[in-house]
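The values are calculated or read from the model by the stated rules, or taken from the named source; none is laboratory data. No experiment lies behind these values; they were computed from the predicted model shown. Here the Cβ positions follow ideal geometry from the backbone for every residue, glycine too, while neighbour counts run over all protein chains shown. In case anyone asks, the SASA skips ligands and DNA or RNA and just uses the protein heavy atoms, side chains included. Shrake-Rupley method; radii C 1.70, N 1.55, O 1.52, S 1.80 Å.
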Amino acid sequence: MDIDGSSLLLLLFFALGSYIQATTGFAFGLIVVSSVSALGLAPIEVTAFAVSVLSLINAGLGLRGGDWREINRRAFVGFLVPCLPAIVVGVWLLEYLGDNAIGWLKFSLGVCIVVSSLIMMIQAHHERQESSTGAFALSGVIGGVMGGMFATFGPPITFMMYRQPDAQSRIRATLLGIFFCTATLRVTSVSLTQEVDMATWWLCVVGFPVVVAMTLIAKKFPLPISSRTMRFLAFSLLLLSGASLIWQGL
């Protein structure tokens, strides 16, 4: 694939991820990292950093206009407190582990995500109940490590949030608030501990206008689907992301 073709594909994935995350509250990192890694468009370290920067922009714009007031504070705090230190661990693991170890980890995480997604798709019609503080804490640790390594914080906390008896707008706001904080910490952690080359920053610059445009479009023209369909879409995206991780880990 030539350079122009790769650039267009990257912009397409940025646009798709931005629109879906601004609507559902998640999926930017899942879509971009999985697609770029599967097609070999850029190294995972470069992609993960660009996703963190652009996800920060997406989440910030998505919470404009008072949407942040809808955040589920119990879930927000319960996830973030254990997640933030786990991000540092994930960033360190990404630099320390060899390719074989990272491949095994991707495979294991993919299996867990696929199984969890299938369970939630089967149980989507069941009455939802609030999760315990411990459940949010566990998802925070797992999400922090995943986010630190691959810039994909989404699967654990999305799995937890879409099980809550909350309105779609509250789920979306909570997820965007969490991703805003986690992306901020990951960008700061990587910038202070590793050297970020110009090619990585250039990827962020190129993606910036696309992310801004698609996020604003999503706020004005969200997906016209019901809350139940949105939940099914969320679990389907998780299923696809898990399958992608399994494929990359083989």
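Overview of values
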{"quantity": "Selection count, the stretch 170-190, where residues are open to solvent by 50 Å² or more (accessible area, probe 1.4 Å) and modelled with pLDDT under 85", "calculated": "1"}
{"quantity": "For I87: the one exception among (1) of a type outside the set (G, A, S); (2) at pLDDT 85 or above; (3) under 15 Å from the mean Cα position of the chain (by Cα)", "calculated": "(2)"}
{"quantity": "Some residue of the stretch 148-162 being modelled with pLDDT of 80 or more, open to solvent by 10 Å² or more (accessible area, probe 1.4 Å) and farther than 16 Å from G29 by Cβ", "calculated": "yes"}
{"quantity": "Near pairs, Cβ below 6 angstrom, 6+ apart or cross-chain, from the stretch 128-141 (at pLDDT below 90) to any residue that is among the basic types (K, R) and in a loop (DSSP other than H, G, I, E, B)", "calculated": "R128/R163"}
{"quantity": "Flag if F208 is touching a residue at least 60 places away in the same chain (Cβ under 8 Å), part of a helix (DSSP H, G or I), within 22 Å of L10 (Cα to Cα) and open to solvent by 50 Å² or more (accessible area, probe 1.4 Å)", "calculated": "yes"}
